[in-house]
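Note sheet for the following structure.
The values are calculated or read from the model by the stated rules, or taken from the named source; none is laboratory data. Since this is a predicted model, take the numbers as computed values, not measurements. Ideal geometry is used to build each Cβ from the backbone, glycine not excepted, and the neighbour counts take in all protein chains shown. When the accessible area is computed, the model is the full protein with side chains, heavy atoms only, and any ligands, DNA or RNA have been set aside. Shrake-Rupley method; radii C 1.70, N 1.55, O 1.52, S 1.80 Å.
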Amino acid sequence: MDKPYERKIYFGMAIDPIHVGTGGYTLGRVDNPTLRDFDGIPKIPGTSIEGTTRTYAALYFKQPQCADKEKHNKKPQDGGCKYKNYKCKICVTFGYTNSEGAKEDNKPESLQGMALFSDAKILFFPVASLIGPIWVTCPSRLKELNVDQGAWQDFDESRFCVVSNYLKSKLEDTGFLNFGWLLLQLKKKENGETTTHNICVDTLFGADGLKFRDRLLNDKEVEILEEILNRLVIVSNSVFSQIVDSNLEVRTSVSINPTTGAAEEGALFTYEAIPRTTIFYFDVVYQKPEHFGLNLGLNDIVSTVETGFKLFEFLGVGGMGTRGFGKFKVFGLDEKYDKVKLSEIQANNLVGEIRKLKEELKEIKADEERNIINVRIKELQEKIRQTTEEMQKIAANWEKVCREVQGDD
Ligand SMILES: [Zn+2]
């Protein structure tokens, strides 16, 4: 029988550090810790992914009114959604509620979104070691993805397993490795042999449940994942959460009073973030619109969501975006996006960030914080300069081709 839904698993990588705060209260060593899962490991909550995806899809499709769940039922002249008979792919994908009681146009009063988002959990976490960067994972995370399940019986907290022959050959002789401050012993069989585990791009993406659509990872993505898998080790569940916890980035910033926009007196605060190159996984359950009597297809829903995901790469997810946080690359997306539109959104965002930072500078007195902001502004300006240069080269190239071809007539 035809299933009423499809579940699709996504992988993504933090391009910037990612901060998803739990709010302003003080908890131990940091004022603004990241949101955590029940096992104490930070995560990006599904609600945050959903809200951000909706906002970005609305931005891309130039339907700002549909960024809001409650605007579908308003009349278009009152800032409501302009699509009738629940044909709006954004409002159907993310759902809408009835705020004004309007029942015209045969719109149902409210609709649960067709796309349901899970939390994004950390799968591979980067940590510095004596042999350079390595990535850490644990049995409970791998189990959720059905990877190589029998491989880690009798897992001892003081030990780690290697995945690749590369690490096996590097570590077999010493038998120990440091993970930040923690020293663990390489797990060996009784006969002294070190085993590797079969986790590769194929086993990750070919496993049961990951085959909703043939996932076309591009060469760059495969290359990144292969490099990480080459440097991947498995530690026990509890050691994994310890390693993550003690290797989060902790930064200091200044509090801005939200009503005046001014820096608050003595209000330096610390916040923590998940470091760049962390690999996450999450899933989206796509309900089939035809099962709800809707005249959109499953592909409309998937492409709306994935369009939002595409913008995570430029606009980020989580907080502290103007400080260079939150950019996140979702792997395996189609590359069919309108390049002009994407570059327009990216450019507007850069301009907006620089303006916001310059506004902040007017209010902030602390030298340390001013320096951070000035460095950030320079970074963004440099990025604009580099992109402009790149684009000019591409344009010059095509103009040349154009002239050549026209000369042939
Ligand atoms: Zn809409």
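What to note about this one:
- Available extension along the chain between residue 363 and residue 398 is 8.0 nm, counting 0.36 nm per residue and deducting the alpha carbon span.
- Rolling a 1.4 Å probe over the protein chains gives residue 343 an accessible area of about 60 Å².
- Proximity of backbone amide H atoms, modeled 1.01 Å from N, is registered between residue 123 and 279, 280, 281 at under 5 Å, excluding neighbours fewer than 5 places apart on the same chain.
- Computed FRET value (nearest 0.05) for residue 62 with residue 387, which takes r as the C-beta separation and R₀ as 22 Å: 0.50
- Couplings 3J(HN,Hα) for region 344-356, derived from phi with the Karplus relation 6.51 cos²θ - 1.76 cosθ + 1.60 (θ = phi - 60°), are 5, 5, 5, 5, 4, 5, 4, 4, x, 5, 5, 4, 4 Hz, where x marks Gly and Pro.
- Using heavy atoms of the protein chains and a probe of 1.4 Å, the accessible area assigned to residue 135 is about 20 Å².
- Gain upon complete extension [residue 246, residue 97; 0.36 nm per residue less C-alpha separation]: 49.5 nm
- 3J(HN,Hα) couplings calculated from phi for region 6-16 with the Karplus curve 6.51 cos²θ - 1.76 cosθ + 1.60 (θ = phi - 60°) are, in sequence order, 10, 10, 10, 9, 10, 10, x, 10, 6, 8, 10 Hz; Gly and Pro show x.
- Here the gap between residue 189 and residue 116, fully extended at 0.36 nm per residue and compared with their Cα-Cα distance, gives a gain of 22.0 nm.
- Nearest-0.05 FRET efficiency for residue 39 and residue 82, computed from C-beta distance (R0 56 Å): 0.80
- When the listed pairs 43/378; 62/89; 356/378 are checked against a 19 Å cut-off, the alpha-carbon distance exceeds it for 43/378.
- Accessible area per residue (1.4 Å probe, heavy atoms of protein chains only) ranks 166, 5, 56 as 5, 166, 56, with the largest value leading.
- Taken one residue at a time, the phi angles of region 393-403 give Karplus couplings (6.51, -1.76, 1.60, θ = phi - 60°) of 4, 5, 4, 4, 4, 6, 4, 4, 4, 4, 4 Hz. Gly and Pro are set to x.
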